[in-house]
Each structure stands twice: as C-alpha cells, then as structure tokens.
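J.: Got a structure for you, written out below as structure tokens; questions coming shortly.
Where a number appears in this text, it was derived from the coordinates with a stated rule and is not lab data. None of these values were measured; they are calculated from a predicted model. All Cβ positions, glycine included, derive from the backbone under ideal geometry; neighbour counts span all protein chains shown.
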Amino acid sequence: MSSRRRLAVGSGLVVAGVAAVEIFARMRTPSLCRESSGDPWLVREAETILRRSRGPRDRASIAVIDNGVLREAHFGAGRHTQYEIGSITKTMTAAVFADMLERGEISRRTPLGTFFDLASSEVAAIELEELATHTSGLPNMASTCCNVADLALWPLLVHDPSSSVTLERLIADASRSRLGPREYAYSNLGYSLLGQALARRAGTSFPRLLQERLFAPLGMDDTFVPTDPTSLGVDAPRGYSVMWGRRSAPWTLGAEAPSGSVRSTLADMTRYLQSLLDATAPGTAAMDQAVVARDGLRIGYGWHIDQNSLVWHNGMTGGFSSWISLQPGRGQGVIVLSNTMNSVDDLGMALARSLP
C-alpha cells in the first residue's frame, strides 16, 4: 500500500473515530425511571441511593424480606419484569452441587477429569469442591486469544462475548490454563466447568438441570437459562452498558452459562430468597462456611459470607446488575435487580444493614 493510500486510510479511520465519539457523546445516558411503585419506605430508600450513584440507571426492582414480611419497590418495572441476574447464577449452580452431594450422586473430591477428557492437563485433578469454593487455582477466565479479543471488543460492540463458546471449546481452553495456588481466587471459568460437570453427571443439559432441580421445585416459572440468542424471544429485555449508556446485547454465554446467564424476575427471586431463609430450597447447605478467603471473608459453595454472617452475592452482565443477600438466623434478605451495567452493591448492602 502506498504512503498516500495509507495516509488516506488512516485519516478516514480518524474521522470515523471522531464521528463515533461525537455520536456517543450526544447519546442520552438513561436515568432512573421516575415512575415508581411499592412500599413507600423502600421506594424512598432505594431512590435516594440509586440517584446518588454515578452512571446510567433505568429500571430497577427491589425486595426486602424481614421475618416473612415482604416489601417491594419498582422503578419503571413490575414483579414480572425480566432481568439478567449475572453471577447470582453461581449460587444456583452451587445449590445443585450441594443437592447432588446430599443425594450421593457425586462426592466433594470427584476430580474434573472424571467428566471430561482433559488428557494430561493438571486441570483434570481439580476437585469439584475446589471449583465450588473458588480454590481450584483456575484463572477468572481462560486466557486464550479468542477470549481476550472478545473481552477487548465488548465495550465497543456491546455484544455477548461468550454466546459462541461451545462445551468443546470450554474444555479445550480449560485444559490449557495455567493453575495458580490452591487458594481463594474468584473464577468464572471454574463455575462454568462445575455446572457442566454436574449436568454431565445427571445426563442432561445445564439449563434442564437447573429447571428440574431448582426452578420447578420452587415454582420459579419465569426463570430460565438461555445459552444462545435463539433461546430468547425477539422482544427479550436488553439492558444498558456503563459506556455512554448504550443498549447491550443480551448475554447468554454459551457453555459458560453456569457462571452467569440466568434470567429471572423479582417475583421468582423472592421465592428463591424465601426458600433459602426457610431452608426449604434444594442445596441450602451451599451457604455453610467451607473455607476462609481473606480479610474476614468466608466462602461457602458459591456464596460469600462476611464477618457479620451476611451471606451474599452480586451479579453483573453487559447490561444488568444485581444483588442478593440474607441472614438466615434473622429471617432477613434483600434482592436488587437493575437493567444497567452499574453496580447496585451499595444499595443492597445499605438495605441489608438497615434491617434491625
């Protein structure tokens, strides 16, 4: 290519880049919906914190359970509005793991190589409980060229970075992973492998496994696990990214679904929360302390447990954020669901601490 042509191409890219920046700058960043409903106290508390935070906001649904008394607040949404719950999915994967342990279908020390052909990879020796407690030594995500490129491009393209990940690719990526120390290190890759291993043991798919073992028993009729865009309707809700508040493509995550692709509603999530408080949900042993992580944080199967015995998990996808916490001994719990990629941890923690 001649220098003149290279200059022309380069100039064209610069112009296109400047135009794109101007377009994004002019885009209206969404703000919290003014339309609200629900318990007056909860509406007031939630609105104060959500409006105080920086970044895009739009719709949100919040629930507080205090000894069987349910209070809700909604902003531009209702009990049956659908949200991506992100990594709260891991608590559900963990519940099935704990339930299968109780049934004797698996053991804590069953190695991953029992389920997948990992050849001579050191990953084959990882035990299921290590995956469940984030102590397997696996990285957060597989560091392959494809994964790095997907994650690098996502902020610009706001696409689903993992919908094309097949089980074969997941296993291949895992087999090439270099393990770190067998100590706490949060791993999406580990939970993807755990969920797929449980599904293989049960002789079914991961979406069907969660449907049969958790959603159906709890009456969570509007909760499901999409694994590719065809799993969703054309009108599936889309959230907003944190970059300029752009609309984000739905996240379905392909074979990585066990780490974060569940979609649910506040109505269903309150059923889930109440069943955890009542200890009637399958696999409630997942909340028991298993290992000490760091700085007073303990890790059950999937759940974080702080110094005040608050059991919690948060979630975030390209267009949604979420929070769930509970104190089983007090019969108290909190759920926050939002359709923006903007953390709701502050709201969730504030509500949890506000309960007597």
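J.: Pick out, in residue order, every one of the chymotrypsin sites (Phe, Trp or Tyr not before Pro) in segment 219-282 that is DSSP loop and has at most 10 other C-beta atoms within 10 Å; say none if there are none.
T.: Details: sites: PHE224, TYR240, TRP244, TRP251, TYR272; in loops: TRP244, TRP251.
Those that pass, being in a loop and sparsely packed, number zero.
J.: Which of these, SER338, SER53, SER261, has the largest mean-square fluctuation under a Gaussian network model of the chain (Cα springs below 10 Å)?
T.: Maximum fluctuation in the GNM of the chain, among the listed residues, is at SER53.
J.: Charges only on Cβ, +1 for Lys and Arg, -1 for Asp and Glu: so what's the dipole of the chain about the Cα centre, in debye to the nearest 20? Mind dumping the intermediate values first?
T.: On the way: 35 positive and 35 negative charges, 243 e Å.
Charge dipole of the chain: 1160 debye, to the nearest 20.
J.: Counting pairs of alpha carbon atoms under 8 Å apart in space and at least six apart in sequence, what relative contact order in percent does the chain give? Don't skip to the answer; put the middle values down first.
T.: Working: 757 pairs, mean separation 85.8, N = 356.
Rounded, it is 24 percent for the chain.
J.: Divide by every residue of the chain the summed helix terms, -39500 (n - 2.57) for each DSSP H run of at least 4, and state the resulting mean residue ellipticity at 222 nm, rounded to the nearest 500 deg cm²/dmol. Numbers along the way, then the final one.
T.: On the way: 10 runs with 122 residues, N = 356.
My calculation for the chain gives -10500 deg cm²/dmol from helical runs alone.
J.: DSSP H helices in the chain with Cα extent of 24 Å or more along the helix axis and mean Kyte-Doolittle hydropathy at least -0.5? Can you show the working numbers first?
T.: Details: long enough: 3-26 (34 Å, 0.86).
Once both thresholds are applied, what remains is 3-26.
J.: Assuming a ≥ b ≥ c are the square roots of the Cα gyration tensor eigenvalues, decide whether the chain counts as rounded (a/c under 1.5), prolate (otherwise, with a/b larger than b/c) or oblate. Show your work: numbers first, answer last.
T.: On the way: a/c = 1.87, a/b = 1.10, b/c = 1.71.
Oblate, since a/c reaches 1.5 and b/c is not below a/b.
J.: I've got another one for you. Nearest 20 debye, what's the magnitude of the dipole of segment 159-265 about its Cα centre given +1 on Lys and Arg Cβ and -1 on Asp and Glu Cβ?
T.: Details: 12 positive and 10 negative charges, 58 e Å.
Magnitude of the dipole: close to 280 debye.
J.: Report, in whole Å, the centroid distance computed from the Cα atoms of segment 222-299 and segment 78-149.
T.: 14
J.: Order these by the 10 Å Cβ neighbour count, fewest first: ASP235, ASP99, ASP346. Write down the numbers at each step before the final one.
T.: Details: ASP235 7, ASP99 20, ASP346 14.
Ascending Cβ contact count within 10 Å gives the list ASP235, ASP346, ASP99.
J.: Could you give me the ³J(HN,Hα) list for segment 240-246, computed from phi with Karplus coefficients 6.51, -1.76, 1.60 and θ = phi - 60°, whole Hz, x at Gly and Pro?
T.: 3J(HN,Hα) across segment 240-246, in whole Hz: 10, 6, 7, 8, 6, x, 6.
J.: Under the 0.36 nm per residue contour assumption, what length would be gained going from the current alpha-carbon distance of ARG247 and THR230 to full extension? All intermediate terms of the calculation are to be shown ahead of the outcome.
T.: Numbers: separation 17, 0.36 × 17 = 6.12 nm, distance 1.87 nm.
Using 0.36 nm per residue and subtracting the Cα-Cα distance, I get 4.3 nm.
J.: Please work out the FRET efficiency for the pair ASP221 and ARG201, using the Cβ-Cβ distance as r and a Förster radius of 30 Å; give the result to the nearest 0.05. Working shown, then result.
T.: Values: r = 26 Å, r/R0 = 0.86.
The formula returns an efficiency of 0.70 here.
J.: For segment 299-315, in order, what is each residue's ³J(HN,Hα) by Karplus, 6.51 cos²θ - 1.76 cosθ + 1.60 with θ = phi - 60°, in whole Hz (x at glycine and Pro)?
T.: 10, x, 7, x, 8, 9, 10, 8, 5, 9, 6, 7, 9, 8, 7, 10, x
J.: Also, quick follow-up: At R0 = 41 Å, how high is the FRET efficiency between SER107 and SER31 if r is their beta carbon distance? Nearest 0.05 is fine. Please list the in-between numbers first.
T.: Working: r = 51 Å, r/R0 = 1.23.
Result of the calculation: an efficiency of 0.20.
J.: Sticking with this one: Would you calculate the separation in nanometres between label points at ALA125 and ALA350, each defined as 7 Å from the Cα along the Cα-to-beta-carbon direction?
T.: So the two model labels end up 4.9 nm from each other.
J.: A further question on this structure: Within 10 Å of each residue's Cβ, count the other Cβ atoms and sort THR223, THR48 from fewest upward. Numbers along the way, then the final one.
T.: Working: THR223 24, THR48 11.
Arranged by neighbour count, lowest to highest, THR223, THR48 become THR48, THR223.
J.: Now a separate question. Can you put LEU266, LEU355 in order of Cβ neighbours within 10 angstrom, beginning with the fewest? Please report the intermediate quantities before stating the final value.
T.: Details: LEU266 27, LEU355 15.
Fewest to most other Cβ atoms nearby, the residues stand as LEU355, LEU266.
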